[in-house]
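**Q** After the structure tokens below, expect a handful of questions from me.
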Amino acid sequence: MIVRKIRENELKRSAQLSALAFEYPMEGAEKSPEAFIREVRERPRSLEDARWDSRWAAFEDDDETMMATFCVLPWHATFDGHDVVMGGIGGVATLPQYRRGGAIRCCFEAALPDMYAQGMVLSYLYPFSNAFYRRFGYEIACDEARWTLRLALLPSLDAPGRWAMQEPGRDLTADIRAIDEARSRRYNCAVRKGDTEYDWTGADPFVTRNYTFVYYEDDAPLAYATIQARPHEDLRCLRCGFNDRRGLEGLLALLRRYAADHERAVLPMPVDVDPRATLPEFSLGGVERAVVQRGMARVVNVEQALALAKAKGEGTLRVRVTDGQIPENNGGFEVRFAPGMKNDVRRTDAAPDVALTIQDFSRLLLGCCAFEPEWLPGVALHGDIEGARKLFYPKPNYITQRF
């Protein structure tokens, strides 16, 4: 088996594998490999197009027969207030006749050290299997709360602002981006999106039947929502954004206006947002809340992540990390931290206060769970638990981009 990044004339084949694996019709299937790459180069429609050369593939020993492929997209994301490069794994695909043959495993074994060498701090993916991706150091990360609301029971909120609809001749993209940018500064793993990630705003809503509204107060954009309305179905917010209670109340006031045609609406939110003070009726089934997994993360560079991590108070913590994929992450690290100072991180052979697998280290440093060693099989506490909780503690996290 040969593993490497793809060449220009192999991009179409890589796209074919993805179309087969995810069972969607392939655009450009009629084009030659040369025409396929030429169009991607001349008119990239996504980060995946712009970085087509970030695709890895496994080949048979002839170095021509592609068996499996995926891409590593260099997203910019937030980590404890810092902008870092996060390798987004997408398009993981293997031809059926080669599945369970180790092709994807070999691709990860090559791609993860390369991500480290390229300066990436984090990596993220959307798994088909948690157990499968734990083999490569990933662990369950961001969650999402999905609220199902009975529209007739929503309060008649006095939202003082106005709503405008995105449509041909009225471009609200800059205001939508402003809302997203403010939100991305709050959450770990929030992707800082580029121009191509807003191509959807140019779609004609009267063709797609997906309607995007922006809520304003005093001409300041506070919320937006793309609403999918279909007869006899729940109203669905395909995407939405807001950064304070006023924005949320404006969004709820808009949804309430659909009550004559729809019984319920489904609204996605970060798990740290609790709208129950605004949604008072529960006894009649007015509100339901479900928490769904939004992917898995791993730290690619332990030393850099420790240097950037936001600690509580002052102290010193020695951690020992075990990483089966990236050798540079193995070993002991001493972290000294204090308010207003950059963390001082040094290698050490001294006994650790806490030893962790890369999976649990990643989940804890990103703040996706509390530091409770008895519930974390990959964590061994040797020092003071309160000292460890100065570095490992729950933080707001929310992934804002699919890939």
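The values are calculated or read from the model by the stated rules, or taken from the named source; none is laboratory data. Predicted model, so just to flag it, every value in this text is computed and none were measured. Because the Cβ atoms are built from the backbone with ideal geometry, glycine has one as well, and the counts that use them run over all protein chains shown.
**Q** Among the residues of the stretch 189-234, which ones are hydrophobic (A, V, I, L, M, F, W, C), modelled with pLDDT of 95 or more and either closer than 15 Å to L255 by Cα or assigned to a loop (DSSP other than H, G, I, E, B) (or both)?
**A** Within the stretch 189-234, C189, A190, F213, V214, A223, A225, I227 meet the criteria.
**Q** Additional query: Could you list, in sequence order, all residues of the stretch 343-398 that are within 30 Å of V273 (Cβ to Cβ) and charged (D, E, K, R)?
**A** D360, R363, E372, E374, E386, R389, K390, K395
**Q** Something else now. What residue, among those in the stretch 192-225 that are charged (D, E, K, R) and loosely packed, with under 13 Cβ neighbours inside 10 Å, is nearest to L47 (Cα to Cα)?
**A** D195
**Q** Another question about this same structure. Kindly indicate the residue of the stretch 150-188 that is within 19 Å of the chain's Cα centre (by Cα) and assigned to a loop (DSSP other than H, G, I, E, B) and also surrounded by the most Cβ atoms within 10 Å (Cβ to Cβ) among those meeting that condition.
**A** Narrowing the stretch 150-188 to residues within 19 Å of the chain's Cα centre (by Cα): 176-188.
Checking which are assigned to a loop (DSSP other than H, G, I, E, B) leaves us with 185-187.
Working: R185: 12, R186: 16, Y187: 21.
In this case the residue turns out to be Y187.
**Q** So R363 clears everything in (1) crowded, with 22+ Cβ neighbours inside 10 Å; (2) of a type in the set (D, E, K, R); (3) part of a strand (DSSP E or B) except one condition, right? Which one?
**A** (3)
**Q** Out of L267, L251, I need the residue that is in contact with a Cys (Cβ under 8 Å, 6 or more places away or on another chain) and either closer than 21 Å to A174 by Cβ or among the aromatic types (F, W, Y) (or both). Which one?
**A** Result of the check over L267, L251: L251.
**Q** For the stretch 42-149, give me every one of the helices (runs of 4 or more DSSP H) that falls completely inside it and has 1 or more residues that are acidic (D, E) and surrounded by 14 or more Cβ atoms within 10 Å (Cβ to Cβ). First the steps, then the outcome.
**A** Working: elements: 47-50, 103-117, 130-134.
Because the criterion is at least 1 residues that are acidic (D, E) and surrounded by 14 or more Cβ atoms within 10 Å (Cβ to Cβ), the helices (runs of 4 or more DSSP H) in the stretch 42-149 that meet it are 47-50, 103-117.
**Q** Tell me the residue from V319, V354, V302, V379 that is among the β-branched types (V, I, T), touching an Asp or Glu at 6+ places or on another chain (Cβ under 6 Å) and farther than 30 Å from G241 by Cα, please. If you could, list the steps in order and put the result at the bottom.
**A** On the way: V319 fails: touching an Asp or Glu at 6+ places or on another chain (Cβ under 6 Å); V354 fails: touching an Asp or Glu at 6+ places or on another chain (Cβ under 6 Å); V302 fails: touching an Asp or Glu at 6+ places or on another chain (Cβ under 6 Å).
Going through V319, V354, V302, V379 in turn, just one is among the β-branched types (V, I, T), touching an Asp or Glu at 6+ places or on another chain (Cβ under 6 Å) and farther than 30 Å from G241 by Cα: V379.
**Q** Something else about it: Which residue is farthest from G387 (Cα to Cα), if the candidates are limited to the stretch 310-340 and must be of a type in the set (V, I, T), surrounded by 16 or more Cβ atoms within 10 Å (Cβ to Cβ) and in contact with a strand residue (DSSP E or B) (Cβ under 8 Å, 6 or more places away or on another chain)?
**A** T322
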